[in-house]
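Values quoted throughout were computed directly from the atomic coordinates according to the rules given, and no laboratory measurement underlies them. In this text the structure is predicted, and so the values were computed from the model without any measurement. We place every Cβ from the backbone using ideal geometry, glycine too, and count neighbours over all the protein chains shown.
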Amino acid sequence: MEQKGGGAQLGLSLFGLLLFLLSMPLFLQMGGGRWLLAEVLPGQVPHGSLSIQSLWSEQETSNESAAVAIWGVKDVEFEQKNVIHSDGEGLGITAEVLERMEDFSYLKNNFYTVDSRTAFLEGDINVDEALSMDFSVEPTVKEPKVLIFHTHTNEDFVDSDMSKGLQEGIGGVGAELKRILEEDYGIGVLHHMGVYDVVNGMGQRTGAYERSGPAVEEILKQYPSIEVCIDLHRDGVPDEVRLVTEIDGKDCAKVMFVNGICRLSSNGQAEPVSWLENNYIKENLAFSLQMHTLAGQYYPGFTRKIYLNPYRFILHYMPRSTLIEVGAQTNTKEEAMNAMEPLAKVLAEVLLDDTP
């Protein structure tokens, strides 16, 4: 039986949809686009359910920043999983490869994976300039030179038992990187273990970067000696993908450097994301390219292509800022830990004038 008033209801629905579409440009201009975009990495889903864990840290840190109100940015997953996770063996860097890197088309195709919602332009990077940029620091363990933190502190590995504490996941990997940088290279590290992916006792990735940002700002004010920021993560991949390579007889999780370039591609035009400013994009890109290139010289197959997306993550506080993915949820803790020795070697090569 036909319901009376159905035609009128349909008309009202269509009228409401039309009003919504007409108001969308104004909505975006007023900043409403922040509700539609997200600072979140591809495929990053919890390996297990998240819960509040007791904080594990070398130093006492305030967790007040973990309660910072979410700014309304709704995290979404990227659509490029099939691209970002189809990495073959990493490129070995030779003199011939270095010469060919000056061709932007070759550089883009062989060194980068670019999210479909952004644009990587030839003017974004000059290889000669990027590879010659000086990122060296004065080594000391008396004060921190490097900050290691984890926007997604609860990220774990296939054999992690997170009931034992955050050291079972990416936090333990960060502690190992700190140990090697200090003991082998004399570079002081502050390892921050604030939790930003849990809200009110529940796993919550929405707004994690907004919550970690104020904490990083406070740390940099408190420790002006810090010159390097590393946001250490592990990726999320399909269950059949294994990101492993052998280095010096050890199985190591592959690593990936990530850059956000604060730009969206709209109808073939590159448009800046106005509320995600970053004055250090050129330096961020050079920093990751130097590390990726050195890794290709020392450890072919260790690094995945550099990943570029429209956002900035926590890369806008200083030139030497990077987000690093260590393996994925299909890797073991041991594989992730083993990756820290070659990663530390690559970092030290860039940060020190004379690396042992």
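Listed peptides 199-208, 109-118 appear in the order 109-118, 199-208 once ranked by packing, highest mean of other Cβ atoms within 10 Å at the front. Comparing PRO214, ILE226, ASN267 along the charge dipole axis of the range 212-291, the residue lying farthest to the positive side is ASN267, per the Cβ-charge model. Quick check: Cα centre of the range 186-224 to Cα centre of the range 297-356, how many Å? Cα centres, the range 186-224 to the range 297-356: 19 Å. Restricting attention to the range 225-356, close to 50% of DSSP beta bridges with both partner residues there are antiparallel. Exposure proxy for ARG312, ARG179, ARG234: other Cβ atoms within 10 Å of each Cβ, ordered fewest to most, give ARG179, ARG312, ARG234.
When only Cα pairs below 8 angstrom with a gap of at least 6 residues are kept, the range 98-229 shows a relative contact order of 26 percent. Peptides 150-163, 126-139 ordered by packing proxy, namely the average of other Cβ atoms within 10 Å per residue, highest first: 150-163, 126-139.
Could you tally the net charge around MET162, taking each other residue with its Cβ under 15 Å from the Cβ of MET162, Lys/Arg +1 and Asp/Glu -1?
Once positives and negatives cancel, what remains is -3.
Counting only C-alpha contacts under 8 Å and six or more residues apart, can you give the relative contact order of the range 151-273 as a whole percent?
20
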